[in-house]
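**Student:** Below is one structure. I have some questions about it.
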């Protein structure tokens, strides 16, 4: 999906257009440029190294180590290939996005050790899957930890990859640990881009609340229960965003008086499709919000992205390498 995809409201769900996408991934550690002084002499200056280089290297090393775990599990238990190979393929996409063979793989041992293949192989398929799940969780946690120092564009990518890790845990073992706690509401102004990102997220949550009212009416049984739970979750996030925006001194954007659905919802199948589309687009909104914010608020936006990715998986049955990003 792209952040310009049509939304479920008159104004596009992603109309804010926060961020400019993922920046170039291959950046030299430092570069030397030559200039000419007033007296004609050549003066060489050394530019500061890109601070994203070590962060990206850790992400790449962790991805490669996690992929090696999958390769070992598939080789040891071929019957599990159908379950594991799609997840392994998503790691290939992540490896490429984090720099592939051209980026340094010399990550710090403390970060990459959690995903290093064990010296003692699992003795059965269940143990192998459990080990993969533990590695996925550790890798996702390391990615979230690096949000604090990553550039806005790289933080967006890391948060999305961490959300994919949560999808993998759900597919492997049917459960995920609790996400990061929400940042406390502070009564201080936000940068313009961050405030715009929160307003865009609020608009998306307003639209989602409306959509789930339509979705739930077409479902029954467990699916209706799921839709009701999602409806309440979006209401809760909407209310939290209103409070957070109001605390900055800004006025939370009002919900639109009416919304236009992308297609008619006339039965259970069309309701499920709409639910998947809503959550997929919510992923994009929160991925943009990760890029536009910083500090604890960035982690809160990453947690919302993670939840939207899990909800997308629940409705669609499949995930993506980078939930909320165009190349996911």
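The values are calculated or read from the model by the stated rules, or taken from the named source; none is laboratory data. Note that the structure is a prediction, hence the values are computed from the model and not measured. Because the Cβ atoms are built from the backbone with ideal geometry, glycine has one as well, and the counts that use them run over all protein chains shown.
**Student:** What's the total number of residues in segment 243-259 that are assigned to a loop (DSSP other than H, G, I, E, B) and surrounded by 12 or more Cβ atoms within 10 Å (Cβ to Cβ)? Spell out the reasoning first.
**Tutor:** Of all residues in segment 243-259, those assigned to a loop (DSSP other than H, G, I, E, B) come to 248-259.
So of that shortlist, the ones also surrounded by 12 or more Cβ atoms within 10 Å (Cβ to Cβ) come out as 248, 250, 252-253, 255-256, 259.
Total meeting the criteria: 7.
**Student:** Here's another thing I want to ask about it. Does residue 234 fit the bill of being closer than 30 Å to residue 192 by Cα and modelled with pLDDT of 95 or more? Full working, then the answer.
**Tutor:** Details: closer than 30 Å to residue 192 by Cα: yes; modelled with pLDDT of 95 or more: yes.
Yes, satisfied.
**Student:** Please find, among 147, 132, 195, 172, the residue that is closer than 18 Å to residue 324 by Cα, in contact (Cβ under 8 Å) with a residue 24 or more places away in the chain, assigned to a helix (DSSP H, G or I) and in contact with a helix residue (DSSP H, G or I) (Cβ under 9 Å, 6 or more places away or on another chain). If you could, list the steps in order and put the result at the bottom.
**Tutor:** Values: 132 fails: closer than 18 Å to residue 324 by Cα; 195 fails: closer than 18 Å to residue 324 by Cα; 172 fails: closer than 18 Å to residue 324 by Cα.
Result: 147 is the single residue among 147, 132, 195, 172 that is closer than 18 Å to residue 324 by Cα, in contact (Cβ under 8 Å) with a residue 24 or more places away in the chain, assigned to a helix (DSSP H, G or I) and in contact with a helix residue (DSSP H, G or I) (Cβ under 9 Å, 6 or more places away or on another chain).
**Student:** So, one more: Collect the residues in segment 49-108 that are within 21 Å of residue 137 (Cα to Cα), assigned to a loop (DSSP other than H, G, I, E, B) and at pLDDT 95 or above, keeping them in residue-number order.
**Tutor:** 98
**Student:** To continue, here is another question. Those residues that are assigned to a helix (DSSP H, G or I) and more than 15 Å from residue 158 (Cα to Cα), I need them from segment 308-328; list them, please. Lay out the reasoning, then the answer.
**Tutor:** Start the filter on segment 308-328 by keeping residues that are assigned to a helix (DSSP H, G or I), which leaves 308-316.
The answer is 308, 310, 311, 312, 313, 314, 315, 316.
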